[in-house]
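Engineer: Quick one: this structure, given as structure tokens, is what I'll be asking you about.
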Amino acid sequence: MTLMQVFPALRELSFFSMLLRFLTACICGGVIGYCRGIHQRPAGFRTHVLVSLGAASTMVMSQFCVQVLGTPGDSLRISAQVISGIGFLGAGCIIHMGSNRTHTTGVTTAAGLWATGGMGLLAGCGYFECAALMCLIMYLVQGPLYRLDSSYVKKAVTLVAYVEFDSAFRLSTIIRELNRCNLQLNAIDPFGTRDDEHVGYKMEVELQDRSMTLDQAMDYICAIDQIQFAQRLDEVRS
């Protein structure tokens, strides 16, 4: 039996075919999930496996209802809801990571979950070669292209610092002073001290000038009149 004869047989609804479809969905989802997990992203190995497996099961169920049970309707109608349903997972990632409302992250995670759902649908309908090809492309995007993006495209450096303001500080003044020093405010959240004279915040700023060092950025922050104290917490490269 040639390879061209094997694939049509595997696309029929049989126990072995369904087992192979679910296995393909789990493997492909696991590869992408592992790649996300090693980068410490919120949706990792198990999440991508479950999304891919769930999408594959939906496609198998649709085909079974139409081809075996004879249920009237379009076999793609139920599986098409996977694409919109995964949008809720993606939105949850974006909302959770971007809760400060000033700095949006998690978009790549959301897009990866959405694409993983599509990959699971491919595996579920028995299009194994396309699912494997999509897995390979997604892995390259999440792996080598991630390093290329981090090294050459996203060169901005963000600085996270604890700062104490005067109790009567105006945020608009702080933002204006930061912009004047080529610093962009990405996030600011209440943190630490809060009394009648001082208010503590954790502040994340992005260095717009690539030649600026973190020490210089801290000097600019400390020089702002309404800031009484500032200490660097950590550095994050986006």
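Engineer: Considering ARG101, ARG46, which residue is assigned by TED's automatic domain parsing to the domain that holds GLN142, charged (D, E, K, R), farther than 12 Å from ALA123 by Cα and modelled with pLDDT of 80 or more? Write out each step before concluding.
Structural biologist: Numbers: ARG101 fails: modelled with pLDDT of 80 or more.
From the options ARG101, ARG46, the qualifying one is ARG46.
Engineer: Here is a further query. Scan segment 28-43 for residues that are farther than 12 Å from GLN142 by Cα and modelled with pLDDT under 85 and jot them down. Write out each step before concluding.
Structural biologist: Of segment 28-43, the ones farther than 12 Å from GLN142 by Cα are 28-30, 40, 42-43.
GLN40, PRO42, ALA43 - these are the residues of segment 28-43 that are farther than 12 Å from GLN142 by Cα and modelled with pLDDT under 85.
Engineer: Name, by its number, the condition in (1) surrounded by 13 or more Cβ atoms within 10 Å (Cβ to Cβ); (2) in the same structural domain as VAL31 (by TED's automatic domain parsing); (3) modelled with pLDDT of 85 or more that does not hold for GLU164.
Structural biologist: Every listed condition holds for GLU164 apart from (2).
Engineer: Which residue pairs have Cβ atoms under 8 Å apart, sit 6 or more places apart or on different chains, and have a first residue in segment 84-97 that is in the same structural domain as ARG41 (by TED's automatic domain parsing) and within 12 Å of THR108 (Cα to Cα) and a second that is at pLDDT 75 or above and not in a helix (DSSP H, G or I)?
Structural biologist: As it stands, the answer is CYS93/ALA43, since those pairs meet every condition given.
Engineer: Right, something else. Of the residues ARG232, ARG180, ARG210, which is more than 15 Å from ALA161 (Cβ to Cβ), surrounded by fewer than 16 Cβ atoms within 10 Å (Cβ to Cβ) and within 27 Å of the chain's Cα centre (by Cα)? Even if it seems obvious, please write down each step before you answer.
Structural biologist: Working: ARG232 fails: more than 15 Å from ALA161 (Cβ to Cβ); ARG180 fails: within 27 Å of the chain's Cα centre (by Cα).
Being more than 15 Å from ALA161 (Cβ to Cβ), surrounded by fewer than 16 Cβ atoms within 10 Å (Cβ to Cβ) and within 27 Å of the chain's Cα centre (by Cα) holds for just one of ARG232, ARG180, ARG210, which is ARG210.
Engineer: Out of SER84, SER57, I need the residue that is modelled with pLDDT of 75 or more, part of a helix (DSSP H, G or I) and touching a Phe, Trp or Tyr at 6+ places or on another chain (Cβ under 8 Å). Which one? Talk me through it step by step, then tell me what you get.
Structural biologist: On the way: SER84 fails: touching a Phe, Trp or Tyr at 6+ places or on another chain (Cβ under 8 Å).
Answer to the check: SER57.
Engineer: Going by what's in this entry, would ILE221 be described as touching a residue at least 60 places away in the same chain (Cβ under 8 Å), over 29 Å from the mean Cα position of the chain (by Cα) and outside any strand (DSSP E or B)?
Structural biologist: yes
Engineer: Among the residues of segment 17-53, how many are more than 17 Å from GLY117 (Cβ to Cβ) and within 16 Å of the chain's Cα centre (by Cα)? Walk me through how you get there before you give the answer.
Structural biologist: Here is the first cut: in segment 17-53, the residues more than 17 Å from GLY117 (Cβ to Cβ) are 17-20, 23, 34, 37-40.
So of that shortlist, the ones also within 16 Å of the chain's Cα centre (by Cα) come out as 34, 37-40.
Matching residues across segment 17-53 total 5.
The values are calculated or read from the model by the stated rules, or taken from the named source; none is laboratory data. Quick caveat, the model's predicted, so the values are computed rather than measured. All Cβ positions, even for glycine, are placed from backbone atoms using ideal geometry, and neighbour counts span all protein chains on display.
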